[in-house]
Amino acid sequence: MTCENYRDLMMGYLDDELTAEQRKTFESHLAGCPHCRGELDGFRRLKSIADDVVLVEPEDKLWEQYWGNIYNRFERCLGWTLFGISAILLLIYGGFKMIEEIIKDPALGLGLKIGLLALIAGLAILLVSLVRERLYFRSRDRYKDVRR
Amino acid sequence: MRTCTIQDEGQLLQECRRGSHDAFEVLVNRHMKDAYRIAVGLVGCREDAMELSQEAFYRSFKNIGLLKPEARFFPWFYQILRNLCFSHLRKQRFRRTSSLPQVDGEELTAADGDGFDPHLVAERSEAKDQVWKAIGRLPAKHREVIILRHFRDMSYEQMSEALFCSTGTVMSRLYHARQKLKEILENPKGGHVV
């Protein structure tokens with residue numbers, strides 16, 4: 001076996017994560033391999049510096065607000081959902097009413113009626129298309145949910 | 001506000017599946033510091049780490065039904081958190097290089113390491129600042145194992161659970177991550193280590 005085969009065991013040895021048998025195997029290789037001993041020393045120095053790096057803890061105030069910030073997201077999600085559903089319903093209702101008014105209005109000429117109806121139909125198609133596209137990409141967003 | 005007195009994780013998850021925010025609050029309080037520390041290690045910025053860890057908790061509650069009944073919460077939550085952090089780094093890089101063509105196989109580092117704010121390091125010294133910045137220059141999958149091992153003190157078994165891989169793979173990734181970290185520290189002015 002070459003030194004490459006012992007690389008992984010070297011990490012386990014460094015982090016004290018080896019079984020007794022693995023430790024024995026690695027130590028017997030280490031005893032006869034100055035290259036791995038040198039490499040292990042380098043990793044020991046690196047580990048010692050890295051272990052010394054401690055991050056500054058945020059102030060207690062931020063931890064106290066932490067749950068509140070998450071809870072606000074639940075509330076906002078509910079608010080936006082209700083807002084979205086009611087806006088869509090109102091738009092549909094308003095659209096039908098407008099179409100009814102345009103058709104029934106004797107003062108509007110046929111050309112104008114067709115133009116207005118085409119405008120409303122175009123807006124409706126655009127809206128449906130946008131919503132469908134959004135739902136399509138949302139369902140394929142690999143980072144949205146993680147299923148396990 | 002009602003307070004949840006349940007402490008057992010299985011029971012808490014069961015309550016969360018029924019929509020209990022109180023039970024979820026207990027889980028959040030239990031894991032928020034670890035979530036923040038991991039996020040700050042992955043993105044290198046305190047504000048972003050706070051925001052991303054909170055968003056990960058929010059999404060995990062929304063999708064708690066996807067967690068298998070016998071599964072533990074944190075490894076599953078960790079997947080959501082890391083994906084959010086990596087996605088955030090991708091967006092950041094896209095904003096920085098929006099007009100440049102994407103290089104195939106280019107690995108995800110955190111803002112060339114300069115995005116890793118040295119003020120986040122306690123009891124600062126030149127050596128510690130250098131290590132922190134060097135961690136920021138590691139490719140994401142290598143930075144991840146360094147963060148889990150050194151900043152969250154996870155065992156290899158816990159790491160393998162969180163990373164969906166064997167302990168052998170964890171050791172291998174740690175070897176390469178530490179090797180690259182050494183290379184960056186020995187050659188701090190060098191370009192990206194990929």
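A short reminder: the numbers here are calculations on the coordinates, not readings from a lab. On a predicted model such as this, the values are computed, not experimentally measured, just so you know. As a convention, Cβ positions derive from the backbone with ideal geometry for all residues, glycine included, and neighbour counts pool all protein chains shown.
Cysteines in the protein assembly as shown lacking any other cysteine Cβ under 4.7 Å from their own Cβ: A:CYS3, A:CYS77, B:CYS4, B:CYS16, B:CYS45, B:CYS85, B:CYS165. Rounded, prolate or oblate, given the Cα gyration tensor of region A:3-52, with a/c below 1.5 counting as rounded? In terms of gyration-tensor shape, oblate.
Counted residue by residue at 0.36 nm each, then reduced by the alpha carbon distance between them, the extension gain from A:PHE137 to A:HIS35 reaches 31.5 nm.
Could you list, in their original order, any pairs among A:LYS61/B:LYS68; B:LYS68/B:LYS182; A:LYS24/B:LYS68; A:LYS61/B:LYS128; A:LYS47/B:LYS141; B:LYS62/B:LYS128 whose Cα atoms are separated by more than 30 Å? Listed pairs above 30 Å: A:LYS61/B:LYS68; B:LYS68/B:LYS182; A:LYS24/B:LYS68; B:LYS62/B:LYS128. Among residues other than A:CYS3 with Cβ under 15 Å from its Cβ, the summed charge is -3 (Lys and Arg +1, Asp and Glu -1). Shielding by partners for peptide B:173-179, expressed as the average number of C-beta atoms from other protein chains within 10 Å of each residue's C-beta, is 5. Under 5 Å between amide hydrogens, built in the peptide plane, is the criterion, and for A:LEU55 it picks out B:ALA122 among residues at least 5 positions away or on other chains.
Distance between the 7 Å Cα→Cβ label points at A:MET1 and B:ALA127: 3.2 nm. The per residue volume of the convex hull around the alpha-carbon atoms of chain A is 260 Å³.
Summing Cβ point charges (Lys, Arg +1; Asp, Glu -1) relative to the Cα centre of the protein assembly as shown gives a dipole of roughly 1060 debye. Of A:GLU101, A:GLU75, A:GLU27, the residue with the greatest mean-square motion in the GNM of chain A, using alpha carbon springs below 10 Å, is A:GLU27.
Evaluated at q = 0.11, 0.15 Å⁻¹, a Debye calculation over the C-alpha positions of the protein assembly as shown (equal weights, vacuum) places log10 I(q)/I(0) at -0.86, -1.30. Structural descriptor for chain A: relative contact order 11 percent, calculated from alpha carbon pairs under 8 angstrom and at least 6 residues apart. Other residues lying with their Cβ under 10 Å from the Cβ of A:LYS47 contribute a combined charge of +1, Lys and Arg counting +1, Asp and Glu -1. By the gyration tensor of its Cα atoms, with a ≥ b ≥ c the square roots of the eigenvalues, what is the shape of region B:1-106: rounded for a/c under 1.5, prolate for a/b over b/c, or oblate? Prolate, because a/c is 1.5 or more and a/b exceeds b/c. Other residues lying with their Cβ under 15 Å from the Cβ of A:GLU64 contribute a combined charge of -2, Lys and Arg counting +1, Asp and Glu -1.
Remark: mean inter-chain Cβ contacts per residue of B:57-64 equal 4, using a 10 Å Cβ-Cβ cutoff to other protein chain atoms. The mean count of C-beta atoms from other chains within 10 Å of the C-beta of residues in A:8-21, rounded to a whole number, is 4. For region B:114-189, the Kirkwood hydrodynamic radius from C-alpha pairs, put into Stokes-Einstein at 25 °C and a viscosity of 0.890 mPa s, yields a diffusion coefficient of 189 µm² per second. Peptides B:62-68, A:85-91, ordered by how many other C-beta atoms sit within 10 Å of their residues on average, highest first, read B:62-68, A:85-91.
Within chain A, the selection of entire DSSP H helices by a Cα span of 24 Å or greater along the long axis and an average Kyte-Doolittle value of at least -1.0 returns A:34-52, A:60-104, A:110-139.
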